[in-house]
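Student: Here you go, one structure.
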Amino acid sequence: RLRIEHLISSTQPSEAELHPGSDVVRGLSQTPKTLPPRYFYDDRGSQLFEQICNLPEYYLTRTETNILQQYAGAIADLTGSCELIELGSGSSTKTRILLDAYQNAEHEVIYCPIDISAGILESSAQQLLLDYPDLRVHGFAGTYELALEKLPDSELPTRVIGFIGSTLGNLNPQACETFIQQITNALKPGEYFLLGIDLHKSTPQLEAAYNDSQGITAAFNLNMLRHLNRRFAGDFDLTQFEHVAIYNESQRQIEMHLRSVRSQVVHLKALDLTVEFAAGETILSEISRKFDLEQTQHLLESKGLTPVEVWTDQHHWFGVLLCQL
Ligand code: AVI
């Protein structure tokens, strides 16, 4: 009941595959300095992210989970039996709510998790097989881009591509457009896209979610430097950088930075890179965009994805959209 494909691009390896760390060199050489958020997620970073999801201030996971619990039955009824493709499946925790709903409605599901980490993919798939005796799992270890290109035609009447957790918010507007195009290219007419997005709200509430009182988000942000030290023989001193997260109201995005507390020089030997920091200089490590439900519906509609149903919570903190091509 389990098949996992390891995707590697034989024809067009990405720049990151050809030149590991070239994105780090580029980001740290520009002004202002940036780092790609994908370096958050080594094993420790993934564990810290799981902890973030359970923080009292981080309302996102809790709110989306509640929406899914309330409306998973409606989602299952609307789509019927399907291949459920999940982008960035991680531990597949929220997916279980959907799998339960399909099971209760006696709709067949083939679950297709896609994750960059083959280890997490394999272990969560094994656990799902134990808990869902009728489930078939066909996982893909690789980037979303590659997996979306290589998805085979569905064995079941339709397909649902799920992208929950507001990960869309970590893409800038241009990358977001490209991503939606990749989704529409991967779907056939009548197939579905299920999207979870965090919505615009007050600055104090947003800033608290990214500056939690236990310092877990700070540890998650700083862990990126530890990861770079290990990967690229670096000498970032974690005590000499601090976590900063502010809400940029005009851009409607949280901006997470690592701020150098003094002037210092850092080396990444494996990349042959020396980086100078002025006191107070920052590295932008992540943006987390906050969406307007109506504008997002219009954007999706303009790309050919028609919203079938839109669900939110009583405070309008988070949105879940089911769209159809
Ligand atoms: C993965 N992503 C949706 C999270 C977010 O809220 O943008 C990542 C995160 N960064 C800090 N806290 C959580």
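Student: Of the residues L55, L60, L68, which single one is in a helix (DSSP H, G or I), over 16 Å from the mean Cα position of the chain (by Cα) and among the aliphatic types (A, V, I, L, M)?
Tutor: The match here is L68.
Student: When the stretch 114-144 is examined, which residues are found to be free of Cβ contacts under 8 Å to residues at least 60 places away in the same chain and either over 15 Å from L87 (Cα atoms) or of a type outside the set (S, T, Y) (or both)? Give the derivation first.
Tutor: Initial filter on the stretch 114-144 (free of Cβ contacts under 8 Å to residues at least 60 places away in the same chain): 114-115, 119, 123-124, 127-128, 130-134, 144.
Result: I114, D115, G119, S123, Q127, L128, L130, D131, Y132, P133, D134.
Student: Being out of contact with any strand residue (DSSP E or B) (no Cβ under 6 Å at 6 or more places or on another chain), touching a residue at least 60 places away in the same chain (Cβ under 8 Å) and away from the ligand (no atom under 16 Å from the Cβ) is true for just one of R230, R262. Which residue is that?
Tutor: Just a single option satisfies the conditions, and that option is R230.
Student: Now for a separate question. Tell me the residue from S81, S117 that is more than 20 Å from W311 (Cβ to Cβ), modelled with pLDDT under 95 and among the polar types (S, T, N, Q), please.
Tutor: S117
Student: Can you tell which of L195, L206 is within 16 Å of the ligand (Cβ to nearest atom), in a helix (DSSP H, G or I) and crowded, with 20+ Cβ neighbours inside 10 Å?
Tutor: From the options L195, L206, the qualifying one is L206.
Student: When you go through Q297, Q251 one by one, which is the residue that is on the phi < 0 side of the Ramachandran plot, outside any strand (DSSP E or B), in contact with a Pro (Cβ under 7 Å, 6 or more places away or on another chain) and free of Cβ contacts under 8 Å to residues at least 40 places away in the same chain?
Tutor: Criteria check complete, one pass: Q297.
Student: What's the total number of residues in the stretch 1-14 that are modelled with pLDDT of 75 or more and not aliphatic (A, V, I, L, M)?
Tutor: 4
Student: Further, regarding this structure: Give me the pairs, please: first residue somewhere in the stretch 13-40 and within 16 Å of the ligand (Cβ to nearest atom), second residue anywhere and outside any helix (DSSP H, G or I), beta-carbon distance under 6 Å, and either six or more positions apart or on two chains.
Tutor: If the second residue must be outside any helix (DSSP H, G or I), the pairs left are T34/L284; L35/I283; L35/S285; P37/E286.
Student: With respect to N221, is the statement that it is within 12 Å of the ligand (Cβ to nearest atom), in a loop (DSSP other than H, G, I, E, B) and under 30 Å from T296 (Cβ atoms) true? If you could, list the steps in order and put the result at the bottom.
Tutor: On the way: within 12 Å of the ligand (Cβ to nearest atom): yes; in a loop (DSSP other than H, G, I, E, B): no; under 30 Å from T296 (Cβ atoms): yes.
Criteria not met by N221.
The values are calculated or read from the model by the stated rules, or taken from the named source; none is laboratory data. Since we're looking at a predicted model, the values are computed, not measured. Note that each Cβ is placed from the backbone with ideal geometry, even for glycine, and that neighbours are counted across all protein chains shown.
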